[in-house]
Amino acid sequence: MTCTELLLSLQKHGAYMAAGCDMKKSLLLNQTLQNMRTAILPEFMIELYKQCGGINLGNAYIFGPDPVERGKNYPIPSITDINRDIAKFQNILKQKTVFGRNDLFWFAFDPFGICYMLDNITLNPLRKYDDPYRAIYDCLIAGKI
């Protein structure tokens, strides 16, 4: 699956996608993540952020470089905000960066760009993904079910 195929599929399901960002924003975001001692953006996230700056589908979301407003509901936090909020759990996450969430699971990538589905309570890995776009899809589709 490619990034474009993923986004087209998610649009068919009614996903809201925020505006993408430029490479400069991704570089600044990487610097912030590195300062937080979490994994920097792998290539698939940089490609995703070029095309959209966060995705919301039902009760699931992919955190973007900036918070995403959702009308009367609270905004979806940025990827840096959410990782600052859960920084106290870095001993469990082991330098993973959380990039998505639904009602059942968290989703994160490690310093090698490998994605994981994490338990909602313990943050322990439940599944490892070979295809990062499949991880994004699984995160968002679970929010629609």
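Enter the mean projected area of the convex hull around the alpha-carbon atoms of the stretch 56-129, in nm², rounded to one decimal.
On the way: hull surface 19.9 nm².
Approximately 5.0 nm², given one-decimal rounding.
Using just the helices of the chain, give the 222 nm mean residue ellipticity in deg cm²/dmol: DSSP H runs with n ≥ 4 each add -39,500 (n - 2.57), and the total is spread over all residues, rounded to 500. Can you show the working numbers first?
Working: 6 runs with 56 residues, N = 145.
When only DSSP H runs of four or more count, the value is -11000 deg cm²/dmol.
Please list, in chain and number order, the residues 5+ apart from G100 or on another chain whose amide H is under 5 Å from its amide H, with Hs placed from the backbone.
For G100, the qualifying residues are F63, F107.
From the phi of every residue in the stretch 118-124, what ³J(HN,Hα) in whole Hz does the Karplus formula 6.51 cos²θ - 1.76 cosθ + 1.60 yield, where θ is phi - 60° and glycine or proline is x?
Per-residue couplings from phi come out as 10, 4, 5, 9, 8, 6, 6 Hz.
Using the basic label-point model (7 angstrom from Cα toward the beta carbon), what is the Q34 to Y16 distance in nanometres?
3.4 nm
With all protein chains present, calculate the accessible area of I92 using a 1.4 Å probe and round the result to the nearest 10 Å².
Surface accessible to solvent at I92 totals approximately 60 Å².
First compute the accessible area of the chain with a 1.4 Å probe, then give the percent of it belonging to carbon and sulfur atoms.
52 percent
Can you give me the distance in nm between label points at I86 and S9, each placed 7 Å from the Cα along the Cα-to-Cβ direction?
Modelled inter-label distance: 2.2 nm.
How much area per residue is accessible in the stretch 28-114 when the probe is 1.4 Å and only protein heavy atoms are counted (Å²)?
Working: 4160 Å² over 87 residues.
So the stretch 28-114 comes to 48 Å² accessible per residue, rounded to a whole number.
Dipole of the stretch 1-119, Cα-centred, from +1 at each Lys and Arg C-beta and -1 at each Asp and Glu C-beta, to the nearest 20 debye? Walk me through the numbers before you get to the answer.
On the way: 12 positive and 11 negative charges, 44 e Å.
Once rounded to the nearest 20, the dipole reads 200 debye.
Give the calculated FRET efficiency between T122 and N59 to the nearest 0.05, with a Förster radius of 22 Å applied to their Cβ-Cβ distance.
Values: r = 20 Å, r/R0 = 0.92.
My answer for the efficiency is 0.60.
In what sequence, highest mean first, do 30-38, 42-50 appear when ranked by Cβ atoms within 10 angstrom?
Working: 30-38: 14.8, 42-50: 19.2.
Descending mean neighbour count gives 42-50, 30-38.
Helices from the chain with mean Kyte-Doolittle at least 1.0 and a Cα length along the axis of 20 Å or more, per DSSP H: which? Write out the running numbers ahead of the final one.
On the way: long enough: none.
Sorted by number, there is nothing, because no helix extends far enough and scores high enough.
The values are calculated or read from the model by the stated rules, or taken from the named source; none is laboratory data. Keep in mind that this is a model prediction, so the values were computed, not measured. Methodologically, a virtual Cβ is constructed for each residue, glycine included, from the backbone with ideal geometry; neighbour enumeration extends over all protein chains shown. All accessible areas refer to the heavy atoms of the entire protein, side chains included, with ligands and DNA or RNA removed. Shrake-Rupley method; radii C 1.70, N 1.55, O 1.52, S 1.80 Å.
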